[in-house]
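Working notes, structure below.
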Amino acid sequence: MSFFPKTYSHEIFLSHAVEDRASIADEVNQRLQALGVKTWYSGNELATGDDLKEKIKKAIDESRFGAVIFSRGSIHRQWMITELNWLEGKETGETRVVIPILYDMTIE
């Protein structure tokens with residue numbers, strides 16, 4: 001255990017389904033950045049040929065919080081569930097606060 005608090009490269013890791021990118025995720029990311037929040041957003045960070053699993057796990061580890069955009073189309077996507085498990089620390093035990101964003105759906 002370290003006496004020094006962990007430093008993070010990003011304040012928020014933004015998780016979303018690919019089909020929600022144009023409809024909501026781009027705007028959420030832009031608004032957070034306009035407020036001065038440093039985000040990790042796949043639309044800006046991933047490139048063709050990247051090892052998605054490795055790059056996303058690293059990004060989550062380097063992010064203080066997670067924000068997950070839940071939509072009707074995303075809640076059953078395996079990749080979204082995987083990212084949520086990583087954010088909740090299911091493998092590492094290192095949990096972080098996850099901020100849910102409901103898009104075009106209700107909590108029911």
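Figures for the structure shown
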item	result
Hits in segment 1-44 - residues which are touching a Phe, Trp or Tyr at 6+ places or on another chain (Cβ under 7 Å) and in contact (Cβ under 8 Å) with a residue 60 or more places away in the chain	ILE12, PHE13, ASP20, ILE24
Residue pairs meeting the criteria (Cβ under 9 Å; at least 6 apart or on separate chains; first on the phi > 0 side of the Ramachandran plot, in segment 97-108; second part of a loop (DSSP other than H, G, I, E, B) and not small (Gly, Ala, Ser))	ASP104/ARG72
Candidate set: segment 13-24, residues that are open to solvent by less than 20 Å² (accessible area, probe 1.4 Å) and not in a loop (DSSP other than H, G, I, E, B); chosen: the one modelled with the lowest pLDDT	ASP20
Failed criterion for PHE3 (all others in (1) at pLDDT below 90; (2) among the aromatic types (Phe, Trp, Tyr); (3) open to solvent by less than 90 Å² (accessible area, probe 1.4 Å) hold)	(3)
Top-ranked residue in segment 34-44 [being open to solvent by less than 60 Å² (accessible area, probe 1.4 Å) and of a type outside the set (A, V, I, L, M, F, W, C); ranked as modelled with the highest pLDDT]	THR39
Residue that is farthest from LEU14 (Cα to Cα) [pool: residues in segment 45-83 that are in contact (Cβ under 8 Å) with a residue 60 or more places away in the chain and open to solvent by 40 Å² or more (accessible area, probe 1.4 Å)]	ARG77
Residue identified as of a type in the set (Asp, Glu), open to solvent by 70 Å² or more (accessible area, probe 1.4 Å) and part of a helix (DSSP H, G or I) among GLU27, GLU91	GLU27
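The values are calculated or read from the model by the stated rules, or taken from the named source; none is laboratory data. These numbers were taken from a predicted model, which means no experiment stands behind them. Counting neighbours? That spans all protein chains shown, and the Cβs are built from the backbone with ideal geometry, glycine included. Remember, those area values only see protein heavy atoms, side chains included, never the ligands or the DNA or RNA. Shrake-Rupley method; radii C 1.70, N 1.55, O 1.52, S 1.80 Å.
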